[in-house]
Amino acid sequence: MTYPPPPPGPPDELSPLDYLMHRGEAHPATRSAFLGVEILDRPADWGRLREAMERASRVVIRMRQKVVVPPIPATPPRWVVDPDFDLDYHLRRIALPAPGTLRQLLDLADVILASPLDTSRALWEAVYVEGLEGDRAALLSKFSHAVTDGLGGIALFEQVYDTEREPAPRPMPPVPIPRDVTGTDLLRDGLRQLPLTALSSGARLLTRAAGTAGRLMTAPGPTVAEAIDFAASARRVLGPPPTARSPLLRRRSLASRTHVLEVPLADLRAAAKAAGGSVNDAYLAALSGGLGRYHEALGVPVAELPLALPVSLRTADDPGAGNRITGVTIAAPVGEPDPAERIQLVRAQVIARRGESALDVLDRIAPVLSLLPDAALEAVTERITPPDIQASNVPGYRQETFLAGARVDRQYGMGPLPRVAMMAVLISRAGTCTVTFRYDTASFTDTGQLEKSLQLGFDEVIDLGRKPA
């Protein structure tokens, strides 16, 4: 039995899942912000960049909105256009000291991503960085997951990018109307509308109950079987990881490091085709191979590791703002020596997990979780066994893009570390795949060996596409 998710609220009402993301910003272990690192082929025009971000903030309303939370949960939190919005707070300009290497830039990005966002303001910030070697520059863009997910972020930046270096000027939209609203104001309005809200909720509940009763009367066998299947699926989705965690990766800290590598998209696609899988299967198999090599090098070989994957529930009709994601966990075959067989093992598990009937169960239980007080929510989080690794795959722009007169040469995606040892993010853009590994240095203690192992893991998968049939 597939129970419908709660009906959507007003456009400015935080969904329960988005509110959980917002609350998570208060604790390092549950922060969910992500950060994009874009390398520019030359310095951008600062005035044009500032104008582009100003325009985007007027088109993408979430960039000017803050979250207002009522003092008691009698009504949901709301997105409200901030009357004190200040672009100069959210967009900053700095320079790296010489020599301005990629390593320096990634270390700076790590610090920015680890720092909490100010939840009394709009939940994003961007740092324009000058002084990169080769007379280049970069833009670091950080967004709370409460604002949007990865695919939504790609759509958001369409308002900032140009498709040519010197485009025709674009008109500046009007400023969104600000609202000076407090949590007390929301509570007062919620209490005033409580009878109508309760009546509406009761009617929806009765309608749903009547529909379920009708199905039980007309088709009792299939309806009960469907309900049992959904419950079993929910246990698999919400239950512990499908394999034991690595003994090497148990420790967690607040220290992280980021490593990047890149491969041509055509090479990764050829490798996937040679092994009968998708680009995502090849990516996960390469990551698994690298992690397996790392464990072998440190004398603790393992056959499998729990690896979590976000799954997008986003449709063409969904707005760019907000989250339409869930997650599944597989037993990554890190001990399988054959990269082609590793791709097939990954593929079989991903297909099975994506087919779960309770894939959207997090959306269904989020309304209950969002009502828990902080201490209770933290206790629930602590009871959940985290996976060792999270890995995300975000399709980027196929064409070249420009930012205030500078071409975006590379884009790296840095994700949060929600109680995991590593977050890996692949972004495909204009024919190149960049893979960003942000990891906890208390979990991965031998950084040199890790980075060498990851490169070898990707090399052996890429070689599959280069061998003659």
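The values are calculated or read from the model by the stated rules, or taken from the named source; none is laboratory data. All figures in this text were calculated on a predicted structure; none of them were measured in a lab. Note that we place each Cβ from the backbone using ideal geometry, even for glycine, and neighbour counts take in every protein chain shown. In case anyone asks, the SASA skips ligands and DNA or RNA and just uses the protein heavy atoms, side chains included. Shrake-Rupley method; radii C 1.70, N 1.55, O 1.52, S 1.80 Å.
Per-residue answers, yes or no, for (1) more than 30 Å from ARG293 (Cβ to Cβ); (2) at pLDDT 95 or above:
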{"residue": "VAL224", "(1), (2)": "yes, no"}
{"residue": "ASP229", "(1), (2)": "yes, no"}
{"residue": "PRO241", "(1), (2)": "no, no"}
{"residue": "PRO247", "(1), (2)": "no, yes"}
{"residue": "ARG250", "(1), (2)": "no, no"}
{"residue": "ASP267", "(1), (2)": "no, yes"}
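Of all the criteria given as (1) in contact with a helix residue (DSSP H, G or I) (Cβ under 7 Å, 6 or more places away or on another chain); (2) more than 27 Å from ALA138 (Cα to Cα), the one not satisfied by GLY396 is (2). Restricting the first member to the stretch 99-123 and to residues that are crowded, with 17+ Cβ neighbours inside 10 Å, and the second to residues that are acidic (Asp, Glu) and not in a helix (DSSP H, G or I), the beta-carbon pairs closer than 6 Å and six or more apart or on different chains are GLY100/GLU133; ALA122/ASP82. The lone criterion from (1) open to solvent by 40 Å² or more (accessible area, probe 1.4 Å); (2) under 20 Å from VAL328 (Cβ atoms) left unmet by PRO241 is number (1). Taking the stretch 90-187 and the strands (runs of 3 or more DSSP E) fully enclosed by it, the elements with 1 or more residues that are under 24 Å from GLN399 (Cα atoms) and among the aromatic types (Phe, Trp, Tyr) are at 124-132, 136-143. When you scan the stretch 458-468, do you find a residue that is in contact (Cβ under 8 Å) with a residue 24 or more places away in the chain, open to solvent by 20 Å² or more (accessible area, probe 1.4 Å) and within 13 Å of GLY290 (Cα to Cα), even just one? Yes, the conditions are met somewhere in the stretch 458-468. Among residues of the stretch 37-59 that are open to solvent by less than 40 Å² (accessible area, probe 1.4 Å), those with a beta-carbon under 6 Å from a residue that is in a helix (DSSP H, G or I) at least six positions away or on a different chain give the pairs VAL37/ALA109; GLU54/LEU87; ALA56/GLN159; SER57/MET63; SER57/ARG64. From the list VAL368, VAL350, VAL334, VAL394, the one residue that fits, being more than 21 Å from the chain's Cα centre (by Cα) and surrounded by 15 or more Cβ atoms within 10 Å (Cβ to Cβ), is VAL334. Residues of the stretch 431-444 include at least one that is farther than 19 Å from SER256 by Cβ and either in a helix (DSSP H, G or I) or among the small types (Gly, Ala, Ser) (or both). Taking the stated definitions as given, is ARG121 out of contact with any helix residue (DSSP H, G or I) (no Cβ under 9 Å at 6 or more places or on another chain) and on the phi < 0 side of the Ramachandran plot? No; evaluated as a whole, the condition is false for this residue. Do you know which of the residues in the stretch 398-415 that are crowded, with 23+ Cβ neighbours inside 10 Å and in a loop (DSSP other than H, G, I, E, B) is nearest to the chain's Cα centre (by Cα)? So, considering only residues that are crowded, with 23+ Cβ neighbours inside 10 Å and in a loop (DSSP other than H, G, I, E, B), the one nearest to the chain's Cα centre (by Cα) is GLY415.
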